[in-house]
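> Right, I'll just put the structure down here and ask away after.
Just so it is clear, none of the values below were taken in a lab; they were calculated from the coordinates. The shown structure was predicted, so the numbers you read here are calculated from the model rather than taken from an experiment. Backbone-built Cβ (ideal geometry, glycine too); neighbour counts: all protein chains shown.
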Amino acid sequence: MKFKWDPSSYDDKHNYVSEFGEELVHLLNPDQDETILDIGCGTGDLTYKISTSCKKVVGLDSSFEMIQTAQKKFPDLPFYNLDATNFKIDFLFDAVFSNAALHWITEPEIVIQNINRHLKNGGRFVAEFGGKGCVN
Ligand SMILES: C[S@@+](CC[C@H](N)C(=O)[O-])C[C@H]1O[C@@H](n2cnc3c(N)ncnc32)[C@H](O)[C@@H]1O
């Protein structure tokens with residue numbers, strides 16, 4: 001059975017996830033000239049944080065409900081309801097970022113290929129994931 005994400009409960013009870021993820025944004029160190037992809041962006045808090053220091057950020061998430069909430073919270077940012085195992089965006093990114101999302105995906109090889117396909121030469125991949133028993 002596929003896990004169903006609930007954006008209200010996520011923002012009320014699990015906001016520590018994106019708070020911890022702020023350290024990862026420091027590691028990403030976005031630059032004003034850069035275009036960045038946030039994979040598994042959830043309700044968009046870190047996508048927004050990244051947007052304050054780069055040229056353009058795109059948030060992608062496979063949960064319609066999470067993306068809908070992200071878009072409501074941050075109407076000026078582009079959010080796409082896409083699956084990390086099967087997506088195509090028509091430009092290349094300087095960096096791909098992902099916080100607390102990749103361990104939910106059981107086909108890591110495909111995701112890594114997709115990330116590689118969307119990165120410019122020399123682009124960065126900055127991600128946090130893991131946790132025993134996290135995935136279904
Ligand atoms: C724990 S939340 C993290 C959200 C956000 N990155 C944050 O730090 O608050 C995990 C997110 O990964 C997303 N996710 C799970 N599988 C995915 C997939 N195959 N493709 C894209 N997103 C996925 C979920 O929908 C969920 O929004």
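> About the Cα centre of the chain, how large is the charge dipole given +1 on each Lys and Arg Cβ and -1 on each Asp and Glu Cβ? Please answer in debye to the nearest 20. Can you show the working numbers first?
Values: 13 positive and 20 negative charges, 52 e Å.
Dipole size: approximately 260 debye.
> Please list the non-local residues whose amide H lies under 5 Å from the amide H of residue 125, H modeled 1.01 Å from N, same-chain partners needing a gap of 5 or more.
Long-range HN contacts for residue 125: 96.
> Sort 6-16, 119-129 by packing, meaning the average of other beta carbons within 10 Å per residue, with the highest value first.
Packing order, densest peptide first, comes out as 119-129, 6-16.
> Quick one: compute the contact order of the range 3-107, relative version, from alpha carbon pairs under 8 angstrom and 6+ residues apart, as a percent.
31
> Here is a further query. Express the relative contact order of the range 44-100 as a whole percentage, based on alpha carbon pairs under 8 Å and six or more residues apart in sequence.
RCO, the range 44-100: 32 percent.
> Multiplying the sequence separation of residue 91 and residue 129 by 0.36 nm and subtracting their Cα-Cα distance, what value in nm do you get?
Contour length minus the Cα-Cα distance gives 11.2 nm.
> Using only alpha carbon positions, build the gyration tensor of the range 24-74, then give the equivalent ellipsoid semi-axes as the square roots of 5 times its eigenvalues, largest first, whole angstrom. Intermediate values should be presented prior to the final figure.
Working: eigenvalues 77, 19, 15 Å².
Rounded to whole Å, the semi-axes are 20, 10, 9.
> What are the lysines whose alpha-carbon lies under 27 Å from the alpha-carbon of residue 4, with same-chain residues fewer than 8 places away excluded?
13, 49, 72, 73, 88, 132
> Here's a follow-up. At q = 0.12, 0.19 Å⁻¹, what base-10 log of I(q)/I(0) does the Debye formula yield for the chain when every alpha carbon is treated as an equal point scatterer in vacuo?
With one equal scatterer per Cα and no solvent, log10 I(q)/I(0) is -0.41, -1.12.
> I'd like to know which of 69, 100, 80 lies farthest towards the positive end of the charge dipole of the range 31-117, counting +1 on Cβ of Lys and Arg and -1 on Cβ of Asp and Glu.
Toward the positive end, the furthest listed residue is 69.
> Starting from the Cα-Cα distance between residue 12 and residue 116, subtract it from 0.36 nm times their residue separation and give me the gain in nm to one decimal.
Working: separation 104, 0.36 × 104 = 37.44 nm, distance 3.37 nm.
My answer for the length gained is 34.1 nm.
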